[in-house]
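Undergrad: Input: one structure, supplied below.
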Amino acid sequence: MTKNKKVLEYVESVEKLCNPDNVVWIDGSEELYNKLTEEALATGELIKLNDELLPGCYLHRTAVNDVARVEGRTFICSREQVNAGPTNNWWNPSEAYEKLNSILKDAYKGRTMYVIPFSMGPVGSPLAKIGIEITDSIYVVLNMKIMTRVGQNVLDALGDSNDFVRGTHAKCNIDENDRYICHFPEDNTIISVNSGYGGNVLLGKKCFALRIASFQGRNEGWMAEHMLILGIEKPDGKIYYMGAAFPSACGKTNLAMLIPPEGYKKAGYKVWCVGDDIAWIKPGKDGRLYAINPENGFFGVAPGTSMKSNPNALQATKKNTIFTNVVLNKENNTVWWEGMDKNPPENAVDWKGNDWNGKTSDVKGAQPNSRFTAPAVNCPCISSEFESTTGVPMSAFIFGGRRAKTTPLVYQARDWNHGVFVGSIMSSETTAAATGATGVLRRDPMAMLPFCGYHMGDYFGHWIEMGSKIPSDKQPKFFNVNWFRQDENGNFVWPGFGDNMRVLDWMVKRIEGTVDAKETAIGYVPYAKDINLDGCDCSLETLESILEVDNAAWAKEAEGIKEFYTKFGDKLPKELAKECDALIKRTK
Ligand code: GTP
Ligand code: SPV
Ligand code: MN
């Protein structure tokens, strides 16, 4: 399929080490995918779902010890330890290669090795990058087909260039004690062993498009961010594109596919989805920042996805979708998960493969981090710019997380550097997207804590530097949101989901300069009257309560930030230290 010497050398080296029975190159043809699907059905790796209700859809169950990203076993193997920084696990690359090679030795014995040439971003786009993933998993091949652009045309676009990321994955025994997700930024290399879970094995996603790409972006003058990209179309036809970074399972997919409330729809507002998880962002010729979504599909959280919360996402899963770790409804051979509707199936199989009755069982049927892998083209609100090779111009960056208290519904940063500060102090209560305790507050700068491929202090510096290259009138505005404020009883105060449009609308007005805001210690907060509550299940008083900035609470928060910042030592940009001191002063 290619004469590229570097590609061939790489493939041969893995073949020699892992010793497969066969080697299959994924050429992107339907014939080959069909053949692999048949094989996976025969072994039980995939279960075929109802062909009328869910055409082209399959169910997969992972091992019970292998259901989420494993941050404790994820490593940045930079040559110098300092370059991994204080927030990543570092492993000396020569030791890591030695250990991984010992695990990979003969790992494909008796198995087939698949070679997947894939492009992150539209093939041939100047913002796109190419990878080769080698794996022994058909599940990985079929997911990569949905999540990336795969096939011969990718190799054609690569030509004889050496500029591709090498990703090797082997399932091995799914032994969690020998599970490693390793990144070698200086070698453009990723090695993942002993897992079959999405974020650990679909190497184009977090491993390449964030950890390796963030490193590449710093060297090459662009940014790889854990951001959705959406476009808000106003009744006058003008579209504003925004990127939003929220930690895993904090609402990116939901916001990216938002359906505006009735009043907005009637007035002619529309929201278009460009991406739901990752943005690659680069200055364009006109000085503005342009973004592409490097992915080709959605690897979305299933639980909570419903006709009410996210009809666009649900619609996207109605064909050619792979479901992982959800409930199988035996009555009609379809799928179900908690939060889909109030009618759980009685005659069903849970994510572990056990018989399950949703009416009587007291255990969850779907794994809390169960997922769907759906093609982006399935999404009813996919942007016409989705395939754009030049990307969309960015008008705003939004940061946010799950904060029961303290952080208001929305506020705007004063300028670029303050915006970077606001992103850097993001914090959120942890979710099921990674293994470990959930609901614990942790600092997660720009939602990149588990995904930054180099020293996070240098990453902050890169953000500051990118701003310095963009004329201030062309810079996106920065906002912070918190959909997750709770009352004394632990209920969410803000209705969220489609009603988040009301907050986006305020942002558009701020971008256009048509609405005032109140200056507070943390930035500009809306006057409650300026957020449109027509038809919203939230009173003005309630809104006011979640727009409040409690200086005493923020003074405490600022102390926590100062403490967090000490981690980065002299790599912390002085601009951010200054912003932190200014916040402390303003809260007094
Ligand atoms: P990753 O794919 O892990 O990066 O996650 P994501 O950020 O795309 O998260 P997603 O949109 O799938 O949201 C996950 C959870 O957040 C679900 O349980 C949703 O119900 C919940 N959620 C999303 N938006 C809102 C909101 O506006 N309000 C509330 N209360 N919950 C929300
Ligand atoms: C996340 O955890 O942020 C995800 C899912 O988007 S995973 O692919 O597992 O990283
Ligand atoms: Mn994500």
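Undergrad: Roughly speaking, what is the stretch gain from Lys238 to Lys109, that is 0.36 nm per residue apart minus the C-alpha to C-alpha distance, in nm to one decimal?
TA: Contour length minus Cα-Cα distance gives 40.8 nm.
Undergrad: To one decimal place, what orientation-averaged projected area in nm² is obtained for the convex hull of the Cα set of the range 84-171?
TA: Here the figure is 7.6 nm², rounded to one decimal.
Undergrad: Next question, about the same structure. Using only alpha carbons, build the gyration tensor for the range 1-154 and give me the equivalent ellipsoid semi-axes, biggest first, whole Å.
TA: Computed over the range 1-154, the values are 29, 20, 18 Å.
Undergrad: Of Ile174, Ser306, Ala348, which is farthest on the positive side of the dipole of the chain, counting Cα position, with +1 on Lys and Arg Cβ, -1 on Asp and Glu Cβ, and the Cα centre as origin?
TA: Ser306
Undergrad: Please give the helix 30-43 orientation as an angle from the longest Cα principal axis of the chain, in degrees from 0 to 90, rounded to the nearest 10.
TA: Approximately 80 degrees, to the nearest ten.
Undergrad: Further question: Quick one: dipole size for the range 298-377, taken about the Cα centre, charges +1 on Lys/Arg Cβ and -1 on Asp/Glu Cβ, in debye to the nearest 20.
TA: About 260 debye.
Undergrad: How far is helix 551-566 tilted, in degrees, relative to the longest principal axis of the Cα atoms in the chain, given as a value from 0 to 90 rounded to the nearest 10?
TA: 40 degrees
Undergrad: For the range 454-579, report the translational diffusion coefficient in µm²/s to the nearest whole number, using Stokes-Einstein at 20 °C, 1.002 mPa s, and a Kirkwood Rh over Cα pairs.
TA: Rounded to a whole number, D works out at 124 µm²/s.
Undergrad: Using alpha carbons only, how many degrees (0 to 90, rounded to 10) separate the axis of helix 574-587 from the longest principal axis of the chain?
TA: Here the helix axis deviates by roughly 40 degrees.
Undergrad: Taking the simple approach of a point 7 Å from Cα along Cα-to-Cβ for both Glu465 and Val377, what is their distance in nm?
TA: Result for the modelled spin labels: 3.9 nm.
Undergrad: For Lys318, give me every one of the lysines with a C-alpha distance below 18 angstrom, ignoring sequence neighbours fewer than eight places off in its own chain.
TA: Lys48, Lys145, Lys308, Lys330
Undergrad: Compute, for Arg111, the solvent-accessible surface of its heavy atoms (probe 1.4 Å) with the complete set of protein chains present, and express it in square angstrom to the nearest 10.
TA: Ignoring ligands and nucleic acids, Arg111 comes out at about 80 Å².
Undergrad: Probe radius 1.4 Å, ligands and nucleic acids ignored: give me the carbon and sulfur share of the accessible area of the range 498-554 as a rounded percent.
TA: 42 percent
Undergrad: Counting DSSP beta bridges in the chain, what percent are antiparallel, to the nearest 5?
TA: Percent antiparallel among DSSP bridges in the chain is about 65.
Undergrad: Considering only protein heavy atoms, what is the solvent-accessible area of Arg485 at a probe of 1.4 Å, reported in Å² to the nearest 10?
TA: 30 Å²
Undergrad: To the nearest µm²/s, what D does Stokes-Einstein give for the chain at 20 °C and 1.002 mPa s, using the Kirkwood radius over alpha carbon pairs as Rh?
TA: 88 µm²/s
Undergrad: If Lys474, Lys171, Lys330 are ordered by their accessible area, calculated over protein heavy atoms with a 1.4 Å probe, which sequence runs from highest to lowest?
TA: Descending accessible area places them as Lys330, Lys474, Lys171.
Undergrad: Sorted from largest down, give the three principal axis spans of the alpha carbons of the range 298-377, whole angstrom values.
TA: Extents along the principal axes, in whole Å: 37, 23, 23.
Undergrad: Okay, next question. How much solvent-accessible surface does Glu519 expose, in Å² to the nearest 10, with a 1.4 Å probe and all protein chains in place?
TA: Near enough 120 Å² of accessible area.
Undergrad: On a straight-distance basis, which lysines could pair with Lys477 in a cross-link, Cα separation under 22 angstrom, same-chain partners fewer than 8 positions away excluded?
TA: Candidates past the 8-residue exclusion: Lys234, Lys238, Lys252, Lys270, Lys282, Lys285, Lys469, Lys509, Lys518, Lys529, Lys574, Lys578.
Undergrad: Could you check how much of the accessible area of the range 1-151 is carbon and sulfur, as a whole percent, using a 1.4 Å probe?
TA: Solvent-exposed carbon and sulfur of the range 1-151 make up 48 percent of the total.
Undergrad: How far apart, in nm, are two points set 7 Å out from the Cα along the Cα-to-Cβ line at Ser161 and at Leu41?
TA: Here the modelled spin labels are 3.8 nm apart.
Undergrad: For the pair Asp537 and Val64, how long in nm is the line joining their label points, each one 7 Å along Cα→Cβ?
TA: If labels sit at Asp537 and Val64, their model points lie 3.6 nm apart.
Undergrad: Pulled fully out, how much extra length does the chain show between Lys556 and Arg586, if you take 0.36 nm times their separation in residues and subtract their Cα-Cα distance?
TA: Once the chain is fully extended between Lys556 and Arg586, it gains 9.6 nm.
Undergrad: Now a separate question. Could you point to the residue in Leu572, Leu547, Thr587 farthest towards the positive end of the range 482-588's charge dipole, with +1 and -1 charges on the Cβ of Lys/Arg and Asp/Glu respectively?
TA: Leu572
Undergrad: Skip the ligands, DNA and RNA, and give the accessible area per residue of the chain with a 1.4 Å probe, whole Å².
TA: Accessible surface, normalised per residue, equals 38 Å².
The values are calculated or read from the model by the stated rules, or taken from the named source; none is laboratory data. What you are looking at is a predicted structure, and each value in this text was computed from that prediction instead of being measured. Note: ideal-geometry Cβ built from the backbone for every residue, glycine included; neighbour counts use all protein chains shown. Please note that ligands, DNA and RNA were not included when accessible areas were found on the heavy atoms of the full protein model with its side chains. Shrake-Rupley method; radii C 1.70, N 1.55, O 1.52, S 1.80 Å.
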